[in-house]
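Only one structure is covered here, and it is reproduced in the block below.
What follows is calculated from the coordinates using simple rules that are stated; it is not laboratory data. None of the values given here were measured: they were computed from a predicted structure. Cβ: placed from backbone, ideal geometry, glycine included. Neighbour counts: every protein chain shown.
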Amino acid sequence: MSQQFLLSFKPDVSLMEPEATEQLVLQSSTRSLTFKQTQSGLKTALKTLADGGATLAELTQMVQQDDGNFLALRFYAYLQKFSKLGWLCHSVLAQGKAIAMAVPMTSDDRFSDSEVAVESKYVLSRFAYCHQVRGQLVLESPRSQAQVLLTDWQGAALLNQLAKPQSCNELVMGIPGISLETVKQFVSLLLGAQMLCEVSEDGTIGEQANVTLAQWEFHDLLFHARSRQGRHAHPFGGTYRFLDKIEPLPAVKSPMSEEVIELYKPDLETLKTTEASFTQVLESRKSIREYGEIPITAQQLGEFLYRCARVKRILKTDRGEILSRPYPSGGALYELELYLAVNNCQGIASGLYHYDPLAHQLGRISDRTATVEALLNDARRSMGQEGMPQVLIVIAARFQRLAWKYESMAYAVMLKHVGVLYQTMYLVATAMKLAPCGLGGGNSDLFTQATGCDYYAETSVGEFALGC
Ligand SMILES: Cc1cc2nc3c(=O)[nH]c(=O)nc-3n(C[C@H](O)[C@H](O)[C@H](O)COP(=O)(O)O)c2cc1C
């Protein structure tokens, strides 16, 4: 346990003294610890931890003074326990003022005391990032289970220096008025919170030399760590945080155009008895990027969309509308919308269309503008082909349908939906002897230009090429 940092309880740990008892109770959102007949020195130390904190030396002295050496040893054991519970914050002081505080986010916090050598060089982890949270500058990293609150400009100035390898001596010289002791504490705090890397004498940085970590991009690791449970304490799952604050979006988007094309509806009962078996379809499914002489027809497109993406039922609940469609969707929320950039389809003029899954109609948004052409060209390049897809299906998401209910995981769930829709499209296309190919990337800004959608309300999250 470090001598240097200011130790304090996290704000969500409260200390209570139940009336008519000698007890002290420490309570967090998940755990409580009861101290029976607390000695006065221990009581003072616990109250100090709950009320601003003190250094280990100061806390030890409080306990030793009133309760003796034996209780001081027991106090260390309590501190270890608080640390394991993720209750202990570590702060760096500069002239009596905290400049940075590491706050554990989980009970599995791996904050460790780290020895800092004055001559060694350190550099900020490429996974660490700063952002503003409720008026506070916060340093976080998907590699860390703690947040570091930068409570004074000196903390932010040190971070700026640490973008490049620096020794403690170099850091002291770079920031006016800072002491070597403060710099060492700050470096130790960041090392303990896995925000900083040591640079070896030959200039190697462990994080970069590690071939597993080297293959993680910053945004991928952050997205992974924050959209799954484990190393953060953010609310997770169907929390309905906007209930009674923001109206949920309706199940089906209003038609985008008055110029509509009624689509063909297949007879599903006949298909059930005449079509290839499931195993035949699954086993023959493959990506096809080249097409025959005769392009896909409006009837085939109608059948394909009906079998993949129509709305079967809408159900009104006291928490918004949910619905049923051929593919599965988390919470039955169905946030995905289909847009068709038609290049070459018998019976449907080239241009951009929105699929209305309830009316089973296409609404014409535009002619084949330069932007639609660019979308088709992007798809052609993605497939590595000379020719464009006959129809490019751009999958967009009305993201707030999910975000209204789900917290931390909404975008991750949406990408899963793109996956299940891709597979549904692949299988239906295979059953219909069409040429399907899922695409791995597309341009979401180009999509908003083409459709006039607000990037933050609805933009593209997947592309699927279709032909015959
Ligand atoms: C999410 C996803 C993204 C894909 N992206 C592309 C792509 O951008 N270009 C392409 O030509 N094929 C793409 N494909 C098709 C894969 O290359 C193909 O599924 C894989 O090579 C296996 O071949 P198969 O589908 O014929 O079984 C993608 C498939 C999926 C599921």
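Look at where the Cα atoms of the range 138-155 and of the range 69-120 average out, and the two centres are 15 Å apart. Going from the fewest other Cβ atoms within 10 Å to the most, the residues Asp108, Asp356 appear in the order Asp108, Asp356.
Give the Rg/Rh ratio for the range 302-408, taking Rg as the radius of gyration of the Cα atoms and Rh as the Kirkwood radius, to two decimals. Write out the running numbers ahead of the final one.
Values: Rg = 15.8 Å, Rh = 15.4 Å.
The Rg/Rh ratio comes out at 1.03.
Here is what passes the span test in the chain: the DSSP H helices with alpha carbon length of 30 Å or more along the helix axis and a Kyte-Doolittle mean of 0.5 or above are 410-431.
Rg and Dmax of the range 92-227, both derived from C-alpha coordinates alone, stand at 14.4, 42 Å.
Once the Cα-Cα distance is subtracted from the 0.36 nm per residue extended length, the Glu259 to Met173 segment shows a gain of 24.1 nm.
By how many nm would the segment from Arg134 to Val25 lengthen if fully extended, with 0.36 nm per residue of separation less the alpha-carbon distance? Working shown, then result.
Working: separation 109, 0.36 × 109 = 39.24 nm, distance 2.94 nm.
Answer, rounded to one decimal: 36.3 nm.
The Stokes-Einstein estimate for the range 275-345, based on a Kirkwood radius over Cα pairs and taken at 37 °C with 0.692 mPa s viscosity, is a diffusion coefficient of 216 µm²/s. Less than 5 angstrom separates the built amide H of Val199 from those of Lys121, Tyr122, Val123, all sequence-distant by 5 or more or on a different chain. The range 6-85 has equivalent-ellipsoid semi-axes of 18, 16, 11 Å, by the square roots of 5 times the alpha carbon gyration tensor eigenvalues, sorted largest first.
Here the spin labels are modelled as points 7 Å beyond Cα on the Cα-Cβ line, and at Glu58 and Glu17 they lie 2.0 nm apart. Computed over the chain, the per-residue total of -39500 (n - 2.57) for DSSP H runs of n ≥ 4 gives a 222 nm mean residue ellipticity of -10500 deg cm²/dmol, rounded to 500.
Within 10 Å of each residue's Cβ, count the other Cβ atoms and sort Asp66, Asp454 from fewest upward. Write out the running numbers ahead of the final one.
Numbers: Asp66 15, Asp454 9.
In increasing order of surrounding Cβ atoms, one gets Asp454, Asp66.
Note on the chain: the alpha carbon radius of gyration divided by the globular reference 2.2 N^0.38 Å gives 1.31. Taking the range 237-467, how much of its Cα-Cα pair set, in percent, is spaced more than 27 angstrom apart? That tail contains 31 percent of the Cα-Cα pairs. In terms of Cα atoms, the Rg and Dmax of the range 1-148 work out to 16.5, 56 Å. What the Cβ-Cβ distance of Gln229 and Leu180 gives, at R0 = 51 Å and to the nearest 0.05, is a FRET efficiency of 0.80.
Express the C-alpha Rg of the range 340-468 as a ratio against the empirical globular expectation 2.2 N^0.38 Å, rounded to two decimals.
On the way: Rg = 14.6 Å, N = 129, 2.2 N^0.38 = 13.9 Å.
Relative to the 2.2 N^0.38 Å estimate, the range 340-468 comes out at 1.04.
Subtract the Cα-Cα distance of Phe242 and Glu407 from 0.36 nm times their separation in residues, and report this length gain in nm to one decimal.
Details: separation 165, 0.36 × 165 = 59.40 nm, distance 1.02 nm.
Extending this stretch completely gives an extra 58.4 nm.
The modelled label-to-label distance for the pair Asp220/Ser350, using points 7 Å beyond Cα in the direction of Cβ, is 3.7 nm.
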